[in-house]
Amino acid sequence: MKCFSRYLPYIFRPPSSLLSSSCHTEADIISTVEFNPTGELLATGDKGGRVVVFQREQESKNHPHRRGEYNVYSTFQSHEPEFDYLKSLEIEEKINKIRWLPQQNAAYFLLSTNDKTVKLWKISERDKRPEGYNLKDEDGRIRDPTTITALRVPVLRPMDLMVEATPRRIFSNAHTYHINSISVNSDYETYMSTDDLRINLWNLEITNRSFNIVDIKPANMEELTEVITAAEFHPNQCNTFVYSSSKGSIRLCDMRTSALCDNHSKLFEEPEDPSNRSFFSEIISSISDVKFSHSGRYLMTRDYLTVKVWDVNMESKPLETYQVHDYLRSKLCSLYENDCIFDKFECVWNGTDSVLMTGSYNNFFRMFDRNTKRDVTLEASRENSKPRAILKPRKVCVGGKRRKDEISVDSLDFSKKILHTAWHPYENIIAVAATNNLYIFQDKVN
Amino acid sequence: MGQRDIKAFEASMKRKNGIPTVSMCRLDVESPVVKKEVEPGGDGSVLSSSRYMLGRGVKRKLSTCEDPSQDLPYPQQRQLVLDLCLDKLQSCQRRAEPSLHRSVLLANTLRQIQQEMRQEGETCFPSALLGPSLPHASTPRHIPDLPPVPLDCPQPLTGALSPSFPLTTADDDEEVQLGGAENETLLPSFAGEDDTRSLDSLFGSFEITNSTSYLTDLALDDIFEDIDTSMYDSSDISVLPCPAQRSGGVDDGLKSLSSCSSNSSLQFCLSDLNDLDHIMEILVRS
């Protein structure tokens, strides 16, 4: 078994346990994965509107091998299905995105959104409870005041740890179209929510008002040819954000220039390669995800076949382009027919902005090292992941003689797609969502 | 509420209820000729066109890596994509959660193909075009800025293809009928691929265009003159009033589509949308 430390400077091992839901229904399909800013917590949202938060186990001398494993911390129902009576349509409860707020006190806060409503959730621990009330007994029943002869001061006594999630804010009725992104601003006071045609800016404290900062809805809907696919705030500059479109362009906007940022400050667009032109050129150029690097100097975009890194200061073309699964280029018609061409893959940076990761089909996911220009394909599957073993690199055979461990393009399972992945902010720990299973891989370089 | 249990490599990963649209989709093909092989006791989803063989453990010959559609001559490739486009756009209305993003991409692809066909049509004999292309494409000169997807227009999608008709003359109506007839005769040759679904959608579109032929005398603008169409906020195509079609099959859907496109319901739809938008404005402002 080849060790792939030759390709990348880390070795990923699967954990001793696989986090999986017990019932395999469509509601368990994971729809978003996100680490919190310290990496201590990992949140997943699923199609059934539930959020599951995992917490990293503290280091312990008793169980050194369990250091850094993630266990379930809290589970709650974030969104419920709704019915829009005016349009006779059901509003899905599927969680589209989760974004954590930076921690400011003992409690954790996250924003979760479905197609229409954003909610701010507070996750807090309770490990003490007051005992010894005067007016009620331990069961909560009111005591008869005439029986009280002495007063006592209630004391806090330890109890079993309880993690409770409470909705603190509900931001609703601001989006006519489906919300595809939320992004917390670096000022930690505001955030933006993005739907197909508009971007709204919210104050975290105020739920009954939002400001529209981008509106690309044409006066005549028949002229609509482009929608917004993703948006994100700059990690450091609270006035800057980017949004990507279905036509493959990214616009950077500065909120200081005007209240409505319909006019971009920068437009990142790569001219189309005429040799690759096909009926599906536009569809595959649609950007499914855009992410600033941690430094804020670079942008990463994901379209159907590639991942591109842009320098924020250069609009004319990307700095780097990485092929995720170019062998699919000749299969676009089939992928169009079975709708796979509309799949929206996300992409993530590692903590040092040196490695990119994104998903593919057949439960494969890819990593690209920007410095060494090496890339690797890994698989998130139970069969291939024995505990403590190293993840074996996979290879797709595109033609000619297929080698022993290779898999041919025609044998790929297109129902097993990895759309959502997350990378720990500092360490080499990755979370990969494969349909209804969550894989957490850690680098244990000893 | 299901809990996520930590299971140490327990139960199998197989899901019983796969995602309806895609389960095992293989791209391998033996030949582009009709060959409908379904895996015995296979998964629920079957690729609509039997052009693509479903295989899972079925022995295949060393097949080409290329898409079978790439073996076809360009016009037929284009026709295939066009058919698929229309298919998908129609099915958008039947979906539980229609996606604006998807609809826009499909519409743009459709527009691009139609534009190409239109340009070619200007150099070829128009009658030659009538056959392989669809009725609305056969009158290229009269197609305005191609609104094949009126995303918030109250008409159902295929009915919306008919806006091109109001702008045509009576002659073109005949052309349409002609085109229809020719289509019917020529389609069987394409239907050698046994793509019955695409046939349905084509015939379905005829149904609707016939029922909306009353629009021939009216210019599109006149209908909407007193209605502020710019205010429509709809996140999907299937706004109204066809909730029934989501539950029905293809035929049901088409029937309700044709019933929807009657003039009275059209007006009803439009005023409803006006109210909707008004309410929406209030909600957003509050």
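The values are calculated or read from the model by the stated rules, or taken from the named source; none is laboratory data. On a predicted model such as this, the values are computed, not experimentally measured, just so you know. All Cβ positions, glycine included, derive from the backbone under ideal geometry; neighbour counts span all protein chains shown.
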Practice problem: Search region A:159-209 for residues being among the aliphatic types (A, V, I, L, M) and outside any strand (DSSP E or B), and hand back the single one that is nearest to A:W121 (Cα to Cα). | Solution: A:L204
Quiz item: If you go through region A:177-190, how many residues are more than 21 Å from A:T32 (Cα to Cα) and buried (at least 22 other Cβ atoms within 10 Å of the Cβ)?
Solution: 0
Quiz item: Among the numbered criteria (1) closer than 30 Å to A:K94 by Cβ; (2) free of Cβ contacts under 8 Å to residues at least 24 places away in the same chain, which single criterion is violated by A:S360?
Solution: (2)
Quiz item: With respect to the numbered conditions (1) within 14 Å of chain B (Cβ to nearest Cβ); (2) farther than 23 Å from B:L283 by Cβ, which one is the sole condition not fulfilled by A:K266?
Solution: (1)
Self-check item: Some residue of region B:85-94 being more than 10 Å from chain A (Cβ to nearest Cβ), modelled with pLDDT of 90 or more and either out of contact with any helix residue (DSSP H, G or I) (no Cβ under 7 Å at 6 or more places or on another chain) or not in a loop (DSSP other than H, G, I, E, B) (or both)
Solution: yes
Quiz item: Taking region A:390-431, which residues are within 14 Å of chain B (Cβ to nearest Cβ), surrounded by fewer than 17 Cβ atoms within 10 Å (Cβ to Cβ) and over 21 Å from A:Q323 (Cα atoms)?
Solution: A:K401
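Counting just the residues of region A:350-361 that are over 14 Å from the mean Cα position of the chain (by Cα) and of a type in the set (G, A, S), which one comes out farthest from the other protein chains (Cβ to nearest Cβ)?
Among those residues, the one meeting the criterion is A:S354.
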Self-check item: Hey, A:C347 in contact (Cβ under 8 Å) with a residue 12 or more places away in the chain and within 14 Å of another protein chain (Cβ to nearest Cβ) or not
Solution: no
Quiz item: Considering only residues of region A:252-278 that are free of Cβ contacts under 8 Å to residues at least 12 places away in the same chain and over 29 Å from the mean Cα position of the chain (by Cα), which is farthest from A:I213 (Cα to Cα)?
Solution: A:S275
Self-check item: region A:318-332, subset within 16 Å of A:S360 (Cα to Cα) and touching a residue at least 40 places away in the same chain (Cβ under 8 Å), residue farthest from the other protein chains (Cβ to nearest Cβ)
Solution: A:Y322
Quiz item: Since A:K373 meets every condition but one in (1) touching a residue at least 12 places away in the same chain (Cβ under 8 Å); (2) away from chain B (no Cβ under 14 Å), which condition does it not meet?
Solution: (1)
Self-check item: Every residue from region A:65-116 that is under 30 Å from B:L276 (Cβ atoms), within 14 Å of another protein chain (Cβ to nearest Cβ) and part of a strand (DSSP E or B)
Solution: A:Q77, A:E82, A:F83, A:D84, A:L89, A:E90, A:I91
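I'm checking my understanding of the structure. Among residues of region A:28-73 that are of a type in the set (S, T, Y) and farther than 21 Å from A:T117 by Cα, which one is modelled with the lowest pLDDT?
Narrowing region A:28-73 to residues of a type in the set (S, T, Y): A:31-32, A:38, A:44, A:60, A:70, A:73.
This time we only want the ones that are farther than 21 Å from A:T117 by Cα, so: A:38, A:60, A:70, A:73.
Working: A:T38: 96, A:S60: 67, A:Y70: 91, A:Y73: 95.
Taking the candidates together, the pick is A:S60.
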Quiz item: Which residues, counting only those in region A:338-361, are in a loop (DSSP other than H, G, I, E, B) and modelled with pLDDT of 95 or more?
Solution: A:D343, A:K344, A:F345, A:E346, A:N350, A:G351, A:T352, A:D353, A:S354, A:S360
Self-check item: Selection count, region A:308-350, where residues are more than 28 Å from A:T32 (Cβ to Cβ) and hydrophobic (A, V, I, L, M, F, W, C)
Solution: 2
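Residues that are of a type in the set (S, T, Y): which strands (runs of 3 or more DSSP E) entirely in region A:224-327 hold 3 or more of them? I'd like the intermediate steps shown before the answer.
Details: elements: A:228-233, A:240-245, A:250-254, A:266-268, A:289-292, A:298-302, A:306-311, A:320-323.
Counting at least 3 such residues, we get A:240-245.
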Practice problem: Scan region A:207-248 residue by residue and report those that are within 14 Å of chain B (Cβ to nearest Cβ), crowded, with 19+ Cβ neighbours inside 10 Å and of a type in the set (S, T, Y). | Solution: A:S210, A:T229, A:Y243, A:S244, A:S245, A:S246
Quiz prompt | Single match in A:L438, A:L335 (criterion: in contact with a Leu (Cβ under 9 Å, 6 or more places away or on another chain), within 11 Å of chain B (Cβ to nearest Cβ) and assigned to a strand (DSSP E or B)) | solution = A:L438
